[in-house]
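Engineer: The following block contains the structure, expressed as structure tokens.
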Amino acid sequence: MNPLMRLSAGMLGGNVLIGYMIGSAAVNFQQVQEIDRLNSEVKNREEVIANERKNVQNHKQFIRSKDTLTRRFCDQYFKGEKK
């Protein structure tokens with residue numbers, strides 16, 4: 001094999017290797033971007049869920065306080081009308 005063919009084969013092999021590495025890096029970069037996007041979406045959903053849980057707890061507390069006030073009112077209003 002003459003030296004020029006070896007040089008060409010080496011350059012071709014090097015170019016193939018460099019192309020493969022660049023392609024792998026591009027795929028990895030796209031995957032990292034997709035993972036980051038999905039993680040931020042999960043974080044946003046967790047925040048929404050936490051806010052909704054907090055709203056439910058606040059509503060439950062509101063209902064309990066209304067129930068307590070209603071019971072007190074009924075106890076005092078109907079004090080003399082026990083069966």
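Since every read-out is calculated from the coordinates, none of them should be taken as a lab result. Bear in mind the structure is a predicted one, so any value in this text is a computation, not a measurement. FYI the Cβ positions are ideal-geometry reconstructions off the backbone, even for glycines, and counts take in every protein chain you see.
Engineer: Counting only helical runs of four or more DSSP H residues, what would the 222 nm mean residue ellipticity of the chain come to if each run contributes -39,500 (n - 2.57) and the total is spread over all its residues?
Structural biologist: Dividing the helical sum by the residues of the chain leaves -34500 deg cm²/dmol.
Engineer: On a 0 to 90 degree scale, rounded to 10, what angle separates helix 3-77 from the longest Cα axis of the chain?
Structural biologist: Once rounded, the angle reads 0 degrees.
Engineer: Go ahead and run the numbers for FRET between V42 and I63, Cβ-Cβ distance against an R0 of 30 Å, rounding to 0.05.
Structural biologist: The pair V42/I63 has a calculated efficiency of 0.45.
Engineer: How much length is gained if the chain between N28 and R72 is pulled fully straight, taking 0.36 nm per residue apart and subtracting their Cα-Cα distance, in nm to one decimal?
Structural biologist: 9.3 nm
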